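Worksheet for the structure shown next.
Here, each number is a calculation from the coordinates, and none is a lab measurement. Small disclaimer: the values here were computed from a predicted structure and weren't measured. Here Cβ is always computed from backbone atoms with ideal geometry, including for glycine, and neighbour counts include all displayed protein chains.
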């Protein structure tokens, strides 16, 4: 056996470096793929051999999807996990191989694609963007040199940054970046336009990706609770699972990947009908994380939100700023369980972390005590991000209004943590943006 | 002389081969779309060359200044045994003066650069 074949066999046996591009409804299934021992979810397409599109991506994000695809080094493959068995249109990726089924089927398809690329002669997916530079770098001299400005010419068609006053009273360059929708450090589907000086955020605009299809994800228990009574036990388990999945995302962001896996494993076990031991384990995990001292340094005093700046924001973010507001306190069924809202005073990312994990523990207790009690349909249900009445704007829209003011002045690393601590859902923003168009 | 020339030639050859091998193993980006930096899907709007205020600059200068003071420690260490406690006193006085400088820097908030 030749050296090349031996190396290919070794490479094919390693966990597959896969880059995930979650679309509508793909965020939590993509999270669960992190638990597979056969996959290594990487944070840049440059490190991946397989790109996996999870859920629906509309044609509006075709160019962005193609650009991420082209950034995978050869040999590369692209797969699409169709979670709704043909109900959604395929993503705008002509070379994507469609996979239907559960996580095991998807992991199997990804591993097969990876092995096919390395040893079975599967052809690498060709580039999708045209091979043209935005503009040639051409100055006025005979060799393209010279011209206006520091460098002369326009380097690859991109203008040099413009100047703006910075926090020290200096007039320095301002870097304008449009990040997302598949930058792993941001919520999947969020496009962030940010103006940076050094690594200090000067201005932020948030928008959902045009690739998010409103209504593509199946209705969850929180959406059903807006129109019909649902079992409190089911609702509270879904809340605990949501908060634990969110904690898993934040831990990946902080570089604690092994710890994130532990939380995700606990989160996926929180389902209606789970064994009491599994739920007790999830509650212990959440409780331990809520008081973990090692998380104090990256999150304490980051992204401070005073109670006066909350505006329309309710839910865990408001409760972390010391405001006692929880739609569940209005519900007679919850009152009969002796429900009290979990609050913190500090208003920083750490306080939001503690409120959400404290709520996860409380939700698991409520689910155990609730028996077959149902929610009252007259009361606005409290979702994992805040109250959301039928036909009203989503909690994410209020959070998206809060976020820019919160991030300005922070260094980029803190800004990313502060944004993650708000638990924004871009799909909710997309649904809100689509609503006025539907009604007119 | 011949050995040195040969060594430089071999190092240059090895470097060239490593670059070629790296490009052929990793699959060097060949199209314009493959070469752009990863921003999560969006294209970069401005060039990445930008000047910003390096706030740690005064701190770096301070470090250099205090680092150079330590040069005086070497001759002192050579005569320390023969001079005895007098040399120790002199060095403590020298360091005390430096510490006053650090305290002044601290008061002027030059150590905070975040």
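Tabulated values for the structure
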item: Computed label-point distance, nm, for sites residue A:340 and residue B:66 using a 7 Å Cα→Cβ extension; result: 4.9 nm
item: Cα centroid of segment B:83-114 to Cα centroid of segment A:56-121, whole Å; result: 62 Å
item: Neighbouring partner chain Cβ atoms per residue of A:240-249, average, 10 Å criterion; result: 0
item: Distance (nanometres) between label positions extended 7 Å along Cα→Cβ at residue A:376 and residue A:219; result: 2.2 nm
item: Calculated over chain B: convex hull of Cα atoms, volume per residue (Å³); result: 254 Å³
item: Contact order normalised by residue count of segment A:234-319, Cα under 8 Å, 6+ apart, percent; result: 23 percent
item: Nearest-ten-degree value, helix A:103-119 long axis tilted from longest Cα axis of chain A; result: 20 degrees
item: Percentage, to the nearest whole number, of Cα pairs in chain A over 37 Å apart; result: 30 percent
item: Peptide ranges B:91-98, A:355-362 listed from the most packed, as the mean C-beta count within 10 angstrom indicates; result: A:355-362, B:91-98
item: Segment A:1-122: equivalent-ellipsoid semi-axes (sqrt of 5 x gyration tensor eigenvalues, Cα, Å); result: 25, 15, 12
item: Tilt relative to chain A, helix A:276-290 - C-alpha long axis, 0 to 90 degrees, to 10; result: 70 degrees
item: Average projection area in nm² (convex hull over Cα atoms of segment A:274-353, one quarter of hull surface); result: 6.7 nm²
item: Inter-chain Cβ neighbour average for residues A:70-78, partner chain, 10 Å; result: 4
item: Pairwise FRET efficiency - residue A:227 versus residue A:38, Cβ, R0 = 35 Å, nearest 0.05; result: 0.30
item: Mean Cα-pair separation over length for segment A:1-127, i.e. relative contact order, pairs under 8 Å, 6 or more apart, %; result: 26 percent
item: Net length gained if the chain between residue B:102 and residue B:32 were fully extended (0.36 nm per residue, minus Cα distance); result: 20.1 nm
item: Expected-Rg normalisation [2.2 N^0.38 Å, Cα atoms] applied to segment A:215-362; result: 1.06
item: Globularity index of segment B:1-62, i.e. its alpha-carbon radius of gyration over 2.2 N^0.38 Å; result: 1.93
item: Chain A, relative contact order [Cα under 8 Å, separation at least 6], %; result: 14 percent
item: Calculated FRET value between residue B:9 and residue B:111, using beta carbons and R₀ = 51 Å, to 0.05; result: 0.55
item: Full-stretch length increase - residue A:275, residue A:170 - with 0.36 nm per residue and alpha-carbon distance subtracted; result: 31.7 nm
item: Calculated FRET value between residue B:94 and residue A:304, using beta carbons and R₀ = 45 Å, to 0.05; result: 0.55
item: Nearest 10 degrees, 0 to 90: helix A:349-369 Cα axis against chain A principal axis; result: 50 degrees
item: Interatomic Cα distance distribution for segment A:347-415, bins of 10 angstrom, percent; result: 15, 36, 32, 14, 4
item: Burial ranking of peptide ranges A:421-432, A:341-352 (average Cβ count within 10 Å, highest at the top); result: A:421-432, A:341-352
item: Listed peptides A:302-313, B:5-16 by packing density, highest first (mean Cβ within 10 Å); result: A:302-313, B:5-16
item: Rough spin-label spacing in nm, given labels placed 7 Å along Cα→Cβ, for residue A:62 and residue A:6; result: 4.8 nm
item: Alpha carbon Rg of segment A:300-417, scaled by the compact-globule rule 2.2 N^0.38 Å; result: 1.12
item: Average beta carbon contacts from partner chains per residue of B:53-59, 10 Å cutoff; result: 2
item: Label point at residue B:20 placed 7 Å out along Cα→Cβ; residues across segment A:1-38 whose backbone nitrogen lies under 20 Å; result: A:3-4
